Amino acid sequence: MTNYFKTVLLLGLMTGLMLVIGHLLGGSSGMLVALIFAAVMNFAAYFYSDKIALATYGAKQATRDAAPDLFRIVESLTQRAGLPMPRVYIIPTSAANAFATGRDPQHAAVAVTEGILRLLTYEELEGVIAHELSHVKNRDILISCVAATLAGAIMWIAHTAHFAALFGGFGNRDERDGGPLAYLFTIILAPIAALLIQMAVSRSREYGADATGAHLAGNPYGLARALEKLHASASVRPLEASESTAHLFIVKPFSGSAILQLFSTHPPLEKRVERLLGRKGTLTY
């Protein structure tokens with residue numbers, strides 16, 4: 001299944017979910033509003049999801065003079081991968097993480113935090129950039145950005161429904177179906193559905209990007225060490241990120257409870273390192 005087909009399927013699933021929510025909350029009029037909202041969000045998700053993701057974290061476009069090693073790594077790896085040079089951004093935070101975004105290789109961007117530039121060695125940073133460029137090469141970035149934008153929209157609708165329920169609801173009461181159950185579906189199940197869709201498109205692509213990234217970098221050790229460092233750093237210095245965009249990052253930007261880990265958008269660290277190295281165990285650095 002190509003990623004373009006997956007993107008179309010994701011757009012359809014999210015649109016259908018919005019229509020169901022609209023119908024439950026406002027009957028036929030609510031469904032019409034949801035259809036218009038879904039059309040706008042689908043357009044924005046396809047053409048502007050990269051700009052939305054970068055703006056969400058205050059990413060600033062980097063210059064060669066400000067980050068010479070970063071540019072050297074990106075240029076070397078893009079040439080090796082046969083990709084056009086992406087735009088390079090730096091996120092002003094001490095948390096250590098990175099992500100790639102854009103609807104195709106010609107409109108791609110790689111964003112890293114100030115924290116990751118301070119934390120990792122040159123070889124480890126090369127492994128991280130190779131991983132992110134693998135998402136570009138494998139054309140994962142469109143579907144991940146669309147998932148982020150639309151999942152955020154679903155969660156926004158859920159919050160709106162929650163406040164509407166507190167103040168007496170909205171829409172024609174005769175047209176609404178389900179009563180309290182409709183609000184329960186919207187407030188609780190809709191965000192879970194959005195998160196499950198994210199998880200479905202994220203875990204497999206992370207394993208794929210790890211493998212492609214290790215091949216692109218020339219060895220798996222830099223990336224494996226980077227993953228261990230980033231995982232440890234996220235528990236001490238988490239990034240202020242939303243659940244709707246957490247799947248974009250190379251490691252989950254914050255820790256969570258054991259129950260939330262069941263819905264994690266990232267595979268377990270131990271499994272990722274094991275697949276990279278072909279054996280169990282951790283590295284020393």
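Does PHE37 meet the test of being crowded, with 16+ Cβ neighbours inside 10 Å, at pLDDT below 95, over 21 Å from the mean Cα position of the chain (by Cα) and not acidic (Asp, Glu)?
Values: crowded, with 16+ Cβ neighbours inside 10 Å: yes; at pLDDT below 95: yes; over 21 Å from the mean Cα position of the chain (by Cα): yes; not acidic (Asp, Glu): yes.
Taking the combined requirement at face value, the residue satisfies it.
Listed here are the residues, each with its yes/no results for (1) hydrophobic (A, V, I, L, M, F, W, C); (2) touching a helix residue (DSSP H, G or I) at 6+ places or on another chain (Cβ under 8 Å); (3) more than 23 Å from SER204 (Cβ to Cβ).
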site: ALA95; (1), (2), (3): yes, yes, yes
site: THR101; (1), (2), (3): no, yes, no
site: ASP104; (1), (2), (3): no, yes, no
site: ALA111; (1), (2), (3): yes, yes, no
site: LEU117; (1), (2), (3): yes, yes, yes
site: VAL136; (1), (2), (3): yes, yes, no
site: ARG139; (1), (2), (3): no, yes, no
site: ALA158; (1), (2), (3): yes, yes, yes
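Please find, among GLU126, GLU132, the residue that is within 22 Å of LEU227 (Cβ to Cβ), buried (at least 24 other Cβ atoms within 10 Å of the Cβ) and out of contact with any strand residue (DSSP E or B) (no Cβ under 6 Å at 6 or more places or on another chain).
Details: GLU132 fails: out of contact with any strand residue (DSSP E or B) (no Cβ under 6 Å at 6 or more places or on another chain).
Going through GLU126, GLU132 in turn, just one is within 22 Å of LEU227 (Cβ to Cβ), buried (at least 24 other Cβ atoms within 10 Å of the Cβ) and out of contact with any strand residue (DSSP E or B) (no Cβ under 6 Å at 6 or more places or on another chain): GLU126.
Among the numbered criteria (1) closer than 24 Å to LEU216 by Cβ; (2) surrounded by 16 or more Cβ atoms within 10 Å (Cβ to Cβ); (3) not basic (Lys, Arg), which single criterion is violated by MET18?
It fails just one condition, (1).
Does any residue of segment 158-175 turn out to be assigned to a loop (DSSP other than H, G, I, E, B), at pLDDT 70 or above and on the phi < 0 side of the Ramachandran plot? Please lay out each step first, then the result.
Filtering segment 158-175 for residues assigned to a loop (DSSP other than H, G, I, E, B) gives 167-175.
In the following step, the residues that additionally are at pLDDT 70 or above were identified as none.
Checked segment 158-175: no residue is assigned to a loop (DSSP other than H, G, I, E, B), at pLDDT 70 or above and on the phi < 0 side of the Ramachandran plot.
Every residue in segment 52-79 that is among the small types (Gly, Ala, Ser) and surrounded by fewer than 13 Cβ atoms within 10 Å (Cβ to Cβ), please.
So the first thing to find is which residues in segment 52-79 are among the small types (Gly, Ala, Ser), and the list is 53, 55, 58-59, 62, 66-67, 76.
Scanning segment 52-79 gives ALA55, GLY58, ALA66.
Can you list the helices (runs of 4 or more DSSP H) found entirely within segment 218-285 that contain at least 2 residues being modelled with pLDDT of 90 or more and out of contact with any helix residue (DSSP H, G or I) (no Cβ under 6 Å at 6 or more places or on another chain)?
Ranges flagged: 221-236, 269-277.
Regarding THR63, is this residue under 19 Å from the mean Cα position of the chain (by Cα), of a type in the set (Val, Ile, Thr) and either modelled with pLDDT under 95 or farther than 19 Å from THR245 by Cβ (or both)?
Details: under 19 Å from the mean Cα position of the chain (by Cα): no; of a type in the set (Val, Ile, Thr): yes; either modelled with pLDDT under 95 or farther than 19 Å from THR245 by Cβ (or both): yes.
Here the answer is no, as THR63 does not meet what is asked.
What number goes with the only condition from (1) at pLDDT below 75; (2) under 15 Å from the mean Cα position of the chain (by Cα); (3) more than 22 Å from ALA96 (Cβ to Cβ); (4) among the basic types (Lys, Arg) that ARG139 does not pass?
(1)
Can you tell me how many residues within segment 26-51 are out of contact with any strand residue (DSSP E or B) (no Cβ under 9 Å at 6 or more places or on another chain) and either of a type outside the set (Phe, Trp, Tyr) or under 16 Å from ALA246 (Cα atoms) (or both)? Explain how you work it out, then say what you get.
First pass over segment 26-51, keeping only residues out of contact with any strand residue (DSSP E or B) (no Cβ under 9 Å at 6 or more places or on another chain): 26-48.
Right, trim to either of a type outside the set (Phe, Trp, Tyr) or under 16 Å from ALA246 (Cα atoms) (or both) and you get 26-36, 38-42, 44-45.
Summing the residues that are out of contact with any strand residue (DSSP E or B) (no Cβ under 9 Å at 6 or more places or on another chain) and either of a type outside the set (Phe, Trp, Tyr) or under 16 Å from ALA246 (Cα atoms) (or both) in segment 26-51 gives 18.
Cβ contacts < 8 Å: first residue touching a residue at least 40 places away in the same chain (Cβ under 8 Å), restricted to segment 64-81; second residue aromatic (Phe, Trp, Tyr) and part of a helix (DSSP H, G or I), any location; separation 6+ or different chain. Result?
Hits for this filter: ASP69/TYR122; ILE73/TYR122.
The values are calculated or read from the model by the stated rules, or taken from the named source; none is laboratory data. What you see is a predicted model; the values in this text were computed from it and never measured. Using ideal geometry, Cβ is built from the backbone for each residue, glycine included, and neighbour counts are taken over all protein chains shown.
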